[in-house]
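Trainee: Okay, here's the structure, questions in a sec.
The values are calculated or read from the model by the stated rules, or taken from the named source; none is laboratory data. Everything quoted here is computed from the prediction, not taken from an experiment. FYI the Cβ positions are ideal-geometry reconstructions off the backbone, even for glycines, and counts take in every protein chain you see.
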Amino acid sequence: MGVNLKFAVVEPRDSVFYLNKESFTLIEPNFYYKLNFSGQKKDYKWEAIPKIKNFLTFNAVHYKPDFGIHNTNSSKEQVTITKEPIIKFLFNGLGKDEIKKHINAICALLSFFSGRDINYQFSKIYDGNGEFVEVKNIPNTYSDYYHGMFMYEIRNPFNLIESVNAPFFILNIEFITNCIRRFNTALQLEGESKFMLLYNVIEQIRNHYVETNKTSNNYKVVDSYQFNDENSATEIIKKSLNEISEFVKLELKSSFISEIPNKTKDIKRLTMKNQFNSLFIHLKIDPENYMIDFKALFSLRNEIFHGNPVSDIEMLNKVNNFQCLPKFTGMLMLKFMGVNSLKDIKKVAN
């Protein structure tokens, strides 16, 4: 819950999002500071100089990391300076909902980079129809946990934001954000819970891949069941689908029956194992490079899923190692978001 207000505003202005404290160390490296102590209080000067001077582009928005800086009277003996991490959006006529979708995507990517829960707590959004003020009821504390999977390779979180496939991210924002949330939670767990959450992220990406393949030519599935008699198998499947049509709602029945010839291909297409293999081939990622035997991984998953005690604790600990399943899952997510290799990470122009 939170507070949402709307005000009539005539002049176009930028939108501003005040981030929670967890984001402070992500914004701070993008600044350096100019100090002037002349010995005379009136000449005292403290200035924050941004390294990122121009607005960056993320899909349909131009944004910039910044600090909201407040200081007490410089004529006093002691001066207190407060820095609030913010993201500015350059006004471009987008609607409020689209603007919020873009800031949520940026926060999700900051979260993936840092392993922390990055969000905005207060915002002023201008969309051409007025100014919308939102106060979100979220935790605004600072944790010591700071261990994003690729933090040291990517260096700057805004390098990551510059490198992902932004239109694809926005189109699938809810799905990707949920995967990031599960992934970050898994990194802070141990044992079976850690394993199952990481495996679930891989499963969710596979499911998305298979589902997209049904309606798009962007993905190519190359694996399929092999039948001794393809024609007989097709006829049996058609017969079964016709029988199932009796249970379809009357208003949908005609459409269901007309689609039966097309549905037989989907039913014959993929085994569970081949669904994973096809995804890995498409995204150009090999589990073996991360010391993972996916067949053994699948068996371990089934063991835990069905409530059986883990028969090989040593294997569980091995796959949970930072360099194995966690790194594989993180790299799979990067590739899914459009980053083919860590070498492809772009650098923001400072």
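Trainee: Out of the residues in the stretch 190-233 meeting the condition of being modelled with pLDDT under 85 and charged (D, E, K, R), tell me which one is surrounded by the most Cβ atoms within 10 Å (Cβ to Cβ).
Mentor: My answer is 223.
Trainee: Working only within the stretch 316-337, note down all residues that are surrounded by fewer than 16 Cβ atoms within 10 Å (Cβ to Cβ) and not in a loop (DSSP other than H, G, I, E, B).
Mentor: 317, 318
Trainee: To continue, here is another question. Tally the residues that are out of contact with any Asp or Glu (no Cβ under 7 Å at 6 or more places or on another chain), assigned to a loop (DSSP other than H, G, I, E, B) and hydrophobic (A, V, I, L, M, F, W, C), restricting the search to the stretch 84-108.
Mentor: 0
Trainee: If you take the residues in the stretch 159-189 that are hydroxyl-bearing (Ser, Thr, Tyr) and modelled with pLDDT of 95 or more, which one is nearest to residue 54 (Cα to Cα)?
Mentor: Among those that are hydroxyl-bearing (Ser, Thr, Tyr) and modelled with pLDDT of 95 or more, it is 163.
Trainee: Scanning for something touching a residue at least 12 places away in the same chain (Cβ under 8 Å) and over 15 Å from the mean Cα position of the chain (by Cα), does the stretch 156-172 turn up at least one residue?
Mentor: yes
Trainee: Right, here's the next one. I'd like the full set of residues that are among the hydroxyl-bearing types (Ser, Thr, Tyr) and within 24 Å of residue 174 (Cβ to Cβ), limited to the stretch 325-342.
Mentor: 329 - this is the single residue of the stretch 325-342 that is among the hydroxyl-bearing types (Ser, Thr, Tyr) and within 24 Å of residue 174 (Cβ to Cβ).
Trainee: Looking at the stretch 281-290, can you tell me whether even one residue there is part of a helix (DSSP H, G or I) and either among the hydrophobic types (A, V, I, L, M, F, W, C) or modelled with pLDDT under 75 (or both)?
Mentor: Yes.
Trainee: Quick check on the stretch 266-280. Is at least one of its residues at pLDDT 90 or above and surrounded by fewer than 17 Cβ atoms within 10 Å (Cβ to Cβ)?
Mentor: No, the stretch 266-280 contains no residue that is at pLDDT 90 or above and surrounded by fewer than 17 Cβ atoms within 10 Å (Cβ to Cβ).
Trainee: Look through the stretch 138-149, keep the residues that are touching a residue at least 40 places away in the same chain (Cβ under 8 Å) and closer than 28 Å to residue 90 by Cβ, and return whichever of them is nearest to the chain's Cα centre (by Cα).
Mentor: 138
Trainee: Given the options 117, 144, 127, name the one that is at pLDDT below 90 and surrounded by 18 or more Cβ atoms within 10 Å (Cβ to Cβ).
Mentor: 127
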